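To start, the structure under review is shown below, and the notes come after it.
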Amino acid sequence: MREVLCNLVACRSAHFASNLGVVELCLALHQTFDFSRDRLIWDTGHQIYPHKLVTGRYDQFHTMRTKGGLMGYPNPAESPYDLLMTGHAGASLSTALGLTSGDDYLRPEENRQTVAVIGDGAFPSGIVFEAMNNARRQSKRLLVVLNDNRMSICPRVGSMADYLDRLRMNPV
Ligand SMILES: Cc1ncc(C[n+]2csc(CCOP(=O)(O)OP(=O)(O)O)c2C)c(N)n1
């Protein structure tokens, strides 16, 4: 998969590091869950390339970010495995919480799991904290994966970044 990603960026500008970084995570999630019924939301959406490779778009991958080709973000018109068209950092958790709360309320017997993957750059967004604050009481089937790679678009800054650094060095 990394070879395919490298071949793409060799001839086109595209999100690169974030996609190289989630290859194993993407495969592990697709091995663990059945996203034809469970739900997966990538925050911000720029690291969705590996997910596209394993959800039926390998053959079209070379068309990424060309006119009429694959979009560099989730696109429900391309695949039912892309739930929403996103690109706004920080929107994943509140969206995931809304979806899973709806499931809990309307169709609990279906037991669908919702997964949100969020980077440490997108994490310190206001709506993320609002969703986290509500999540525990509202749903039992919401999994949040924090992909802490110490980078946003540039090196991350702020109190949450300092906290994550301290947490990494002194895990509880
Ligand atoms: C609301 C908003 N602000 C800024 C951006 C620009 N942006 C694109 S990706 C990203 C975050 C990247 O960092 P991170 O979430 O840690 O993901 P990584 O690329 O490190 O995996 C940002 C801020 C955006 N898409 N939306």
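Is region 2-43 best put as rounded, prolate or oblate by its Cα gyration tensor, with a ≥ b ≥ c the root eigenvalues, rounded for a/c under 1.5, and otherwise prolate when a/b is larger than b/c, oblate when not? Here region 2-43 falls in the prolate category.
Per-residue surface analysis assigns residue 129 an accessible area of about 80 Å², computed on protein heavy atoms at 1.4 Å probe radius. State, to one decimal in nm, how far the label point of residue 13 lies from the label point of residue 67, with both points 7 Å from Cα in the Cβ direction. Here the answer is 1.8 nm between the modelled labels.
Each of residue 160 and residue 104 was given a label point 7 Å from its Cα along the Cα-to-Cβ line. The distance between the two points is 2.1 nm.
Which whole-number percent of Cα pairs in the chain have a distance greater than 30 Å? Write out the running numbers ahead of the final one.
Numbers: 2701 of 14706 pairs.
Roughly 18 percent, once rounded to a whole number.
For the chain, the 222 nm mean residue ellipticity estimated from helices alone, with every DSSP H stretch of n ≥ 4 adding -39500 (n - 2.57) and the total spread over all residues, rounds to -11500 deg cm²/dmol. Computed from label points 7 Å out along Cα-Cβ, the spacing between residue 153 and residue 136 is 3.4 nm. For residue 121, the shell of other residues with beta-carbons less than 10 Å away shows a net charge of -1, using +1 for Lys and Arg and -1 for Asp and Glu. Amide hydrogen proximity for residue 40: with H placed 1.01 Å from N in the peptide plane, the residues at 5 or more positions away or on another chain lying under 5 Å are 115. The convex hull defined by the C-alpha atoms of region 44-85 has an orientation-averaged projected area of 2.7 nm². A cut-off under 15 angstrom between Cβ atoms defines the neighbours of residue 81, and their net charge, with Lys, Arg +1 and Asp, Glu -1, is +1. Solvent exposure of residue 95, expressed as accessible area, is near 40 Å², computed with a probe of 1.4 Å over the protein chains only. In units of the rule-of-thumb radius 2.2 N^0.38 Å, region 68-121 shows an alpha carbon radius of gyration of 1.30.
The values are calculated or read from the model by the stated rules, or taken from the named source; none is laboratory data. Only a predicted model underlies this, so the values are computations on that prediction, with no experimental measurement involved. A quick note on method: Cβ atoms are made from the backbone with ideal geometry, for glycine too, and the neighbour counts reach across all protein chains shown. When the accessible area is computed, the model is the full protein with side chains, heavy atoms only, and any ligands, DNA or RNA have been set aside. Shrake-Rupley method; radii C 1.70, N 1.55, O 1.52, S 1.80 Å.
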